[in-house]
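Where a number appears in this text, it was derived from the coordinates with a stated rule and is not lab data. Quantities reported herein were computed from a predicted structural model and do not represent experimental measurements. FYI the Cβ positions are ideal-geometry reconstructions off the backbone, even for glycines, and counts take in every protein chain you see.
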Amino acid sequence: MKVVILSNYQKSKNTPISSMLILNSKPIIYYVISHFLKSGYDDFILTIPKGNSSIKEYLIKIASAENGYVIDERNVYFEKISKKFRILILERECDEDLARTLEFASKYIGENAFIFTYGDILPCVDIEKTVKFHKENGKVATVAAYQLPSLERWINTGTIVFENEALDYIDKNDRSFERDTLVKIAEDGELGICPIEVKIRAI
């Protein structure tokens, strides 16, 4: 199952990519990728801002040190036997909506289910629990969410498991994936919520 990570958010060319903000000497994206690797997921699709090479250069350095490799749209080959993981880099506009990004990335995602998350959110989700819940419930999409004792509504953690058919819900007029596309999936009764406990951990 591929992991799609949205990491092309950047306020301006003079500000850092949000996923490259440093925490305890490492950027957030390091913790995101490490979290999935520990859960057994080794095939990543990562979006980055056009014209900004900092995150790509960092990931190439990490991949070289940890027996993985970084590629782009010109070469999507992945020889899993010789490498532990692959990161496919897709350059997108920094203000592009998630719906357009997923629409573009769909040809690299393939026909299977996939996991989506953001590159600037510290991971707190039990991936295996969420994927298992998704498979057992048979929905098009499953959001990993938590509920505070004082609130009745669910809070999205930013990690979602999608069946490939979720991409069919994307319409060219959708302005926001979260507010338009996900709403349509929910209205069809195809959105599941996997309850999780948010645990604060040391980095």
Relative exposure of Asp42, Asp180, judged by other C-beta atoms within 10 Å (fewest first): Asp180, Asp42
Just to be sure I understand: of the beta bridges DSSP finds with both ends in region 118-199, what percent are antiparallel, rounded to 5? 50 percent
Using the per-residue mean of other Cβ atoms lying within 10 Å as a proxy for protection, in what order, highest first, do the peptides 155-164, 24-33 fall? 155-164, 24-33
DSSP bridge pairs, the chain: antiparallel proportion in percent, nearest 5: 30 percent
Full extension between Trp154 and Asn112 adds, at 0.36 nm per residue less the Cα distance, a length in nm of 12.4 nm
Ordering 63-72, 98-107 by per-residue average of other C-beta atoms within 10 angstrom, highest first, gives 98-107, 63-72
In Å, the Kirkwood hydrodynamic radius from C-alpha pairs for the chain sits at 17.5 Å
Would you work out which of Ala141, Thr117, Ala63 lies farthest towards the positive end of the dipole of region 49-148? Charges go on Cβ: Lys and Arg +1, Asp and Glu -1. Ala63
Measuring from its Cα centre, region 2-195 shows a charge dipole (+1 at each Lys and Arg Cβ, -1 at each Asp and Glu Cβ) which, in debye to the nearest 20, is 740 debye
How large is the helix-only mean residue ellipticity at 222 nm for the chain, computed as the sum of -39500 (n - 2.57) over DSSP H runs with n ≥ 4, divided by its residue count, in deg cm²/dmol to the nearest 500? -7500 deg cm²/dmol
